[in-house]
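In what follows, a structure is listed as structure tokens, so that the remarks can point back to it.
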Amino acid sequence: MRIDTKYLGNIEIKEDQIINFPNGLIGLKESKEFILLELDNNPYFKFLQDINNSYICFVLINPWDFFSDYDIEIPDKELEEISIKASLKNLKENVFSIHSIITIGKDFKKSTANLLAPI
């Protein structure tokens, strides 16, 4: 299927790449289907693109790439809501990643990462 994106134009995606947020994102309850887009020659930044609204796109990072001491606790109840088993015994079944939305400042050095509400 083809989608329009904010930064990469019209691209082809596979339906199995779609990430579903059943409750939408905070402040964007209607935005539920996204795709994570890699950037050529840039292992640090990714785009989280709404597949139905080309103007909704976030720049993401892996927080540990920039903050090696980053730590987060996710309550078991929240993990269960997104079908992630809390037990390490089921590690092979738990394929997921944690990203932080960044806001790029006019002065790049003043950019910020939302470490309190990861995706």
Exercise. So what are the three principal axis dimensions of region 20-79 from its Cα atoms, in whole Å, longest to shortest?
Worked result: 37, 35, 16
Seminar exercise, completed: Carbon plus sulfur, as percent of the 1.4 Å-probe accessible area of region 1-62, comes to 48
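Ratio to report: Rg/Rh of the chain, with Cα atoms as the point set and Rh obtained by the Kirkwood method; give two decimals. Can you show the working numbers first?
Details: Rg = 15.3 Å, Rh = 15.8 Å.
Ratio of gyration radius to Kirkwood radius for the chain: 0.97.
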Exercise. Counting Lys +1, Arg +1, Asp -1, Glu -1, what net charge surrounds Phe47 among other residues with beta carbon under 9 Å of its beta carbon?
Worked result: +1
Exercise. Per residue, how much accessible area does the chain have with a 1.4 Å probe, in Å²?
Worked result: 75
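The values are calculated or read from the model by the stated rules, or taken from the named source; none is laboratory data. Remember, predicted model here, so these are calculated numbers, not experimental data. Note: ideal-geometry Cβ built from the backbone for every residue, glycine included; neighbour counts use all protein chains shown. Surface areas here come from the heavy atoms of the whole protein model, side chains and all, with no ligands, DNA or RNA. Shrake-Rupley method; radii C 1.70, N 1.55, O 1.52, S 1.80 Å.
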